[in-house]
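Bear in mind these aren't lab numbers, they're just calculated from the coordinates by the rules spelled out. Everything numeric here is computed off the predicted structure, so don't read it as measured data. All Cβ positions, glycine included, derive from the backbone under ideal geometry; neighbour counts span all protein chains shown.
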């Protein structure tokens, strides 16, 4: 059974949704980042960057236990372990990986900064609020154009969608007008109806 160390954040939901999608049994360990539990020495042995999610799989690729941090790496690992949500052919694989990196390098950091400056910063910084709101909307525009040509980010449902969907859950926090991104809204609503997504989004 896989041990999942997580909390109720977009990155945390990636791992729990993925575990639900691929059907692997797992045990949840809540790491309350509001109480700085991510800095506990025992957690740092698993996730040296003191971030959730992290997993420990007692049945790693060589039959020995393996621990992993970084949500993108976890998604790739679970996809390859199960043969699910990642195409076997090289062209399809690279299409998935480029959209996964789009999330890891763009959507996550930019949406995260928008969330912080608009919702949580102790002082209002208009320049930062506008910068990250605008960049979040630009990225939604990239997604909308892509989703006009494909049902999902990489064509078929994949880890690229699993990675991106939890961040789009937060889009309403920064004045997103869904009428400007109708294809993203269609994609978001479709994924929201998946039973595995419904279960995974509630973890922990």
Test: residue 42 is over 19 Å from the mean Cα position of the chain (by Cα) and not in a loop (DSSP other than H, G, I, E, B): yes
With respect to residue 109, determine if the residue is outside any helix (DSSP H, G or I), within 19 Å of the chain's Cα centre (by Cα) and over 15 Å from residue 183 (Cβ atoms). no
Residue 85 - would you say it is assigned to a loop (DSSP other than H, G, I, E, B), under 26 Å from residue 1 (Cβ atoms) and touching a residue at least 12 places away in the same chain (Cβ under 8 Å)? yes
If you go through the range 128-139 one residue at a time, do you hit one that is out of contact with any helix residue (DSSP H, G or I) (no Cβ under 7 Å at 6 or more places or on another chain), surrounded by 13 or more Cβ atoms within 10 Å (Cβ to Cβ) and closer than 20 Å to residue 52 by Cβ? no
Starting from the range 52-79, take each residue that is without any contact (Cβ under 8 Å) to a residue 24 or more places away in the chain and list its partners that are part of a loop (DSSP other than H, G, I, E, B), counting only C-beta distances under 6 angstrom and pairs at least six apart or across chains. 65/58; 66/60; 67/46; 69/47
Can you name the condition, by its number, that residue 48 falls short on among (1) touching a residue at least 60 places away in the same chain (Cβ under 8 Å); (2) assigned to a loop (DSSP other than H, G, I, E, B); (3) more than 17 Å from the chain's Cα centre (by Cα)? (1)
State whether the residues of the range 147-154 include one that is over 13 Å from the mean Cα position of the chain (by Cα), closer than 30 Å to residue 29 by Cβ, surrounded by fewer than 19 Cβ atoms within 10 Å (Cβ to Cβ) and free of Cβ contacts under 8 Å to residues at least 40 places away in the same chain. no
